[in-house]
Amino acid sequence: MNDLVFVKLGGSVITDKTQAETARPEIITRLAGEVASALAAQPGLRLVLGHGSGSFGHVVARRYGTRGGVHGEAEWQGFAEVAAAAARLDRIVTDAFLAEGVPVWSLQPSASARCWGGTLVSLETVLVVSVLAQGLVPLLYGDVALDELQGGTIISTEQIFAYLARQLCPARMILVGEVDGVFEGDPLRQPSARRVPEITEENWSLVRAALGGSHGVDVTGGMLSKVEEMVDLVRTLPGLTVHVLSGERRGALETALLFPSEASAGTVIRWSS
């Protein structure tokens, strides 16, 4: 699927992760507009969209410890509340994209996802393929999932994308976050932190040692786990490139969709062997 691109809108950019259940509608609308413009300019472009839960799902999940397992009445109550919070943000994102003319169809990951010890081992892909075949844009999001080893857990959008990518083999993946790429430290706390323009097999071990966590509440592991997930993916899918960029930079997403070779910022993750 050479024209298939996965795009993830990070919770760090579409919500204020320091305040519970606080969306950033102006950012969501602008990003939806950039996607709409890209689709209009390149009708053959096919997209799978995803988004994180940000200050919606993560705050509730941290309160109940959902990521680490679900046992007992109180934790199952929390499991249900996390699912509801994630769905509330998804409704906001869905409505914004539809308003901008992007034909998204939201698919609830927890309806079919199954995990083992926090690892996503099963997810229905037929619906995603069918949605793409009809010219629509599947929209998924970080969600809860049943777990055969620990009752329940949280699955990140990166986990979902990694699973789907191994089935659908997209050409590219774009991760849109708050900061413009991967940095050797947290640029929101350390202004002198240097951006890593490219991650390859040559520099991965050095970059991995320098990576820290994420700004705000993130129960899915922060930046390090997200980059590790993507490195594992490009290792196993020859030709796949992952571009990490900032949604705060106006036009960055549209440019990355239409002119990937002209991207001048962010971080590109690729493997040559």
Legend entry - Residue with peak Gaussian network fluctuation, the chain [Cα springs, cutoff 10 Å], from PRO260, PRO191, PRO103: PRO191
Inset, instruction - Would you work out which of PRO25, GLY142, ALA41 lies farthest towards the positive end of the dipole of the chain? Charges go on Cβ: Lys and Arg +1, Asp and Glu -1. - result: ALA41
Legend entry - Prolate/oblate/rounded label for the stretch 86-150 (Cα gyration tensor, a/c 1.5): oblate
Legend entry - Max mean-square fluctuation residue, GNM over the chain, Cα-Cα springs under 10 Å, options VAL179, VAL129, VAL60: VAL129
Inset, instruction - Counting only heavy atoms of the protein chains, get the accessible area per residue of the chain (1.4 Å probe) and round it to a whole Å² value. - result: 42 Å²
Legend entry - Computed FRET value (nearest 0.05) for GLN190 with GLN42, which takes r as the C-beta separation and R₀ as 25 Å: 0.10
Inset, instruction - Would you tell me the accessible area of PHE259, worked out with a 1.4 angstrom probe on the heavy atoms of the protein chains, in Å² to the nearest 10? - result: 100 Å²
Legend entry - Portion, in percent, of the accessible area of the chain that falls on carbon or sulfur, probe 1.4 Å: 52 percent
Legend entry - Signed unit charges on C-beta, dipole axis of the stretch 37-111, positive-most listed residue ALA74, ALA96, GLY54: GLY54
Legend entry - J(HN,Hα) series, the stretch 195-207, from Karplus relation 6.51 cos²θ - 1.76 cosθ + 1.60, nearest Hz, glycine and proline x: 6, 9, x, 8, 10, 9, 5, 6, 10, 4, 4, 6, 5
Inset, instruction - Go ahead and set up a Gaussian network model of the chain, Cα springs under 10 Å, then flag whichever of ALA20, ALA96, ALA74 fluctuates most. - result: ALA74
Inset, instruction - Pull out the extension gain between CYS169 and LEU136, defined as 0.36 nm times the separation in residues minus the alpha carbon to alpha carbon distance; nm, one decimal. - result: 10.1 nm
Inset, instruction - Return the label of the correct value of percent of Cα pairs over 30 Å apart, as calculated from the structure shown, out of [x] 29; [y] 23; [z] 40. - result: [y]
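The values are calculated or read from the model by the stated rules, or taken from the named source; none is laboratory data. Being a predicted model, the structure only gives us computed values, none of them experimental. Methodologically, a virtual Cβ is constructed for each residue, glycine included, from the backbone with ideal geometry; neighbour enumeration extends over all protein chains shown. The protein model used for the area step is the full one, side chains on, heavy atoms only, and it has no ligands, DNA or RNA in it. Shrake-Rupley method; radii C 1.70, N 1.55, O 1.52, S 1.80 Å.
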